[in-house]
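Undergrad: This is the structure I want to talk about, given as C-alpha cells.
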Amino acid sequence: MLNILIINLSMPTINLGKSKPRDRTIAKDKYQSIYQSKTWRRLRQAKFATNPLCEVCEAKGIVKQTDEIHHIVPFEIDMSLVYEWDNLLSVCIDCHKELHKHLKIPTKAIKTT
C-alpha cells in the first residue's frame, strides 16, 4: 500500500481546467488591497447588518441569507463607486455566481482615471 502511495505521489499533475488569463490575475491582485482595507471591511459589515437577506432572492419572494456583498457597477467600470453604499447588493452565493456569470464588461466602458 505504501508503494502505491509513493507511485501516486510521484505522478505528474495534469491540469485539465482552463487557466486564467494573466491580466485577470493581475487585476485580482490590484483589488485585494481594497478588499483588505478597513473602509471596505466596515462597509461590508454594515451592509450585512442592514441587509441580512439576499436582495435578489427577496425580490423573487424567497428568503435566503446573505453570503456576499456584490458591486453592481464593477471595479473595472468605475473605481469611484467601490465604497458607494448604493452600488452594493447583499446576495447569496448562488445569486452572486449568477450575477457574475452574466456580467460582461465591454473594453470601451473601462475607465482609466
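Read the figures in this text as sums done on the coordinates, not as results from a lab. Please read all numbers here as calculations on a predicted model, not as lab measurements. Positions of Cβ are generated from backbone atoms using ideal geometry, with glycine treated the same way; all protein chains shown enter the neighbour counts.
Undergrad: Quick check on the exposure proxy: order Cys54, Cys92 from fewest to most C-beta atoms within 10 angstrom.
TA: So the ranking, lowest neighbour count to highest, is Cys92, Cys54.
Undergrad: Only Lys, Arg, Asp and Glu count, each charged at its Cβ (+1, +1, -1, -1), so figure out the dipole size of region 29-109 about its Cα centre, rounded to 20 debye.
TA: 160
Undergrad: Which distance in nm do the two modelled labels at Asp78 and Ile34 give, with both placed 7 Å along the Cα-to-Cβ direction?
TA: Placing both labels 7 Å along Cα→Cβ, they lie 1.3 nm apart.
Undergrad: Give me the distance in nm between label points sitting 7 Å out from Cα along the Cα-to-Cβ direction at Arg44 and His100, one decimal.
TA: 1.2
Undergrad: Taking amide H positions as placed in the peptide plane 1.01 Å from N, state which residues far from Leu88 in sequence (5 or more) or on other chains have amide H under 5 Å from it.
TA: The answer is Ile72.
Undergrad: Over region 29-109, with a single point scatterer placed on each C-alpha, what log10 of the ratio I(q)/I(0) does the Debye formula yield at q = 0.14, 0.23, 0.25 1/Å?
TA: Cα-only, vacuum Debye calculation for region 29-109: -0.48, -1.19, -1.31.
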